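Worksheet for the structure shown next.
The values are calculated or read from the model by the stated rules, or taken from the named source; none is laboratory data. Nothing here was measured: the structure is a model prediction, and the numbers come from that model. When we count neighbours, we look across all protein chains shown, and the Cβ atoms used for this are built from the backbone with ideal geometry, even at glycine. Accessible surface is based on the protein model in full, side chains and every heavy atom, while ligands, DNA and RNA are left aside. Shrake-Rupley method; radii C 1.70, N 1.55, O 1.52, S 1.80 Å.
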Amino acid sequence: MSKKFSRGFRLSVWVFALALILPVAVPSQVDAYGWSRTLKQGDSGADVRELQIRVAGWAADSPSRTYVAVDGVFGPGTEAAVKRFQRAYGLSPDGVVGPATQSALNSLERSDGSTAHFAWSEFYSKDGSAFSGGNVGSATVKENVRRLMYKLEALRKKAGNAPVVINSGFRSIQHNRNVGGASNSMHTYGIAADIAVSGKTPAQVREIAKTCGFSGIERGSSYVHTDSRIEFPYGAQRWWWVD
C-alpha cells in the first residue's frame with residue numbers, strides 16, 4: 001500500500017468515525033408558545049394578546065353579540081373567556097392562567113403554528129394560490145387564519161368534539177370573483193370560513209357560533225358562514241347575523 005493511499009484511507013476512516021460521534025443537525029420544529037409567567041386580570045403584553053387569540057372562541061356561554069378583544073390587556077372579558085375555557089378542559093375556573101391552563105392552551109397548537117384539529121391547507125384558496133392574491137398580504141392572511149382556527153377549536157369543543165369541515169376558507173380575489181363573492185368578502189382577508197359540523201344541522205351550528213365571538217354569521221342550506229368582521233379595520237364594522 002502506498003503512503004499516499006494509506007493516508008487517504010486513514011482520513012476516510014477518521015471522517016466516518018467522526019460522523020458517527022457528532023450529532024447530525026436537523027431542522028427543529030416550532031416550539032409550543034413559551035409562556036414566561038402566570039397571567040391574571042390587570043396584566044398586559046404580547047403574551048396576553050396571544051392568550052386572547054387562543055380563548056377568543058369562549059366569548060360567551062349563550063348566543064351573545066360580544067367578542068374577546070385582542071388588545072394585549074387582560075380585562076374582565078378576557079378573564080371570563082379564560083374561565084369558560086378552563087371549565088371546558090376540566091381545570092379550576094379561577095381565571096388565572098398558570099402552568100395547567102398554559103399546558104391546555106399549548107395542547108391545541110401544532111408545531112407548524114396551526115391548531116390541533118385544523119391544517120393550513122384546509123383554508124387555502126381553492127384556485128391553488130394558497131394564501132396569496134387576497135385583499136391583504138399572505139403573511140397577514142395566515143395570521144388571520146390562525147386566529148380563526150382557535151375560534152373554530154372552541155366551536156368544535158362546544159359541538160362535542162365533532163369534526164368540522166371547512167367548505168371555504170381564504171379566497172384569492174380571482175377565486176372570490178369566480179364564485180360570485182362580494183368584492184370586499186371577508187374570505188379575501190382570511191377572517192371567514194364556511195363550515196359544516198358532523199352530526200349537527202346548520203341551525204345548530206349557527207347557535208354555537210353565536211357563542212364564539214363571530215360577528216358575521218349566515219346559515220346556508222348545508223353550511224354556516226362565520227367571520228370576525230368587526231374586529232379588523234378592513235372588515236365590515238357591524239354585526240351581521242343572518243338567520
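Being crowded, with 19+ Cβ neighbours inside 10 Å, free of Cβ contacts under 8 Å to residues at least 40 places away in the same chain and of a type in the set (S, T, N, Q) narrows it down to one of 185, 228, so name that one.
Numbers: 228 fails: free of Cβ contacts under 8 Å to residues at least 40 places away in the same chain.
It is 185.
Pairs please, first residue from the stretch 55-68 and charged (D, E, K, R), second anywhere and part of a loop (DSSP other than H, G, I, E, B) and surrounded by fewer than 23 Cβ atoms within 10 Å (Cβ to Cβ), Cβ atoms under 6 Å, 6+ apart in sequence or on different chains.
65/239
Does residue 178 qualify as being more than 20 Å from the chain's Cα centre (by Cα), free of Cβ contacts under 8 Å to residues at least 60 places away in the same chain and open to solvent by 10 Å² or more (accessible area, probe 1.4 Å)? Don't jump to the end; show me each part of the working.
Values: more than 20 Å from the chain's Cα centre (by Cα): yes; free of Cβ contacts under 8 Å to residues at least 60 places away in the same chain: yes; open to solvent by 10 Å² or more (accessible area, probe 1.4 Å): yes.
Yes; evaluated as a whole, the condition is true for this residue.
Would you point out which residue out of 129, 168 is surrounded by fewer than 23 Cβ atoms within 10 Å (Cβ to Cβ), over 22 Å from residue 231 (Cβ atoms), hydroxyl-bearing (Ser, Thr, Tyr) and more than 15 Å from the chain's Cα centre (by Cα)? Break it down into steps so the answer makes sense when it comes.
On the way: 168 fails: over 22 Å from residue 231 (Cβ atoms).
It is 129.
Find all pairs meeting these conditions: Cβ atoms under 6 angstrom apart; at least six residues apart or on different chains; first residue within the stretch 99-121 and open to solvent by less than 30 Å² (accessible area, probe 1.4 Å); second residue among the polar types (S, T, N, Q) and not in a helix (DSSP H, G or I).
108/115; 120/114
Being touching a helix residue (DSSP H, G or I) at 6+ places or on another chain (Cβ under 7 Å) and open to solvent by less than 10 Å² (accessible area, probe 1.4 Å) is the filter here, so list the residues in the stretch 198-210 that pass it.
Residue satisfying the conditions is 209 alone.
Across the stretch 64-88, which residue is nearest to residue 40 (Cα to Cα) among those that are open to solvent by 60 Å² or more (accessible area, probe 1.4 Å) and either assigned to a loop (DSSP other than H, G, I, E, B) or touching a His at 6+ places or on another chain (Cβ under 9 Å) (or both)?
The qualifying residue nearest to residue 40 (Cα to Cα) is 71.
Looking only at the stretch 13-63, count how many residues are part of a helix (DSSP H, G or I) and either modelled with pLDDT of 50 or more or under 26 Å from residue 107 (Cβ atoms) (or both). Please lay out each step first, then the result.
Our first condition is that a residue be part of a helix (DSSP H, G or I); within the stretch 13-63, this holds for 13-21, 46-58.
In the following step, the residues that additionally are either modelled with pLDDT of 50 or more or under 26 Å from residue 107 (Cβ atoms) (or both) were identified as 46-58.
Total satisfying the criteria: 13.
Each row is one residue, and each column tells you yes or no for (1) of a type in the set (Gly, Ala, Ser); (2) in contact with an Asp or Glu (Cβ under 6 Å, 6 or more places away or on another chain); (3) over 25 Å from residue 132 (Cβ atoms).
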residue	(1), (2), (3)
159	yes, no, yes
176	no, no, no
188	no, no, no
191	no, yes, no
195	no, no, no
201	no, no, yes
204	no, no, yes
213	yes, no, yes
216	yes, yes, no
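List every residue pair whose Cβ atoms sit under 6 Å apart, with the two residues 6 or more apart in sequence or on different chains, where the first one lies in the stretch 191-218 and is more than 19 Å from residue 145 (Cβ to Cβ) and the second, anywhere, is surrounded by fewer than 22 Cβ atoms within 10 Å (Cβ to Cβ) and among the small types (Gly, Ala, Ser).
Short answer, once both residue conditions are applied: 198/162; 199/162; 200/159; 208/159; 211/60.
Kindly indicate which of 34, 42 is open to solvent by 40 Å² or more (accessible area, probe 1.4 Å), within 19 Å of the chain's Cα centre (by Cα) and farther than 17 Å from residue 144 by Cα.
Step by step, each of 34, 42 is checked, and only 34 is open to solvent by 40 Å² or more (accessible area, probe 1.4 Å), within 19 Å of the chain's Cα centre (by Cα) and farther than 17 Å from residue 144 by Cα.
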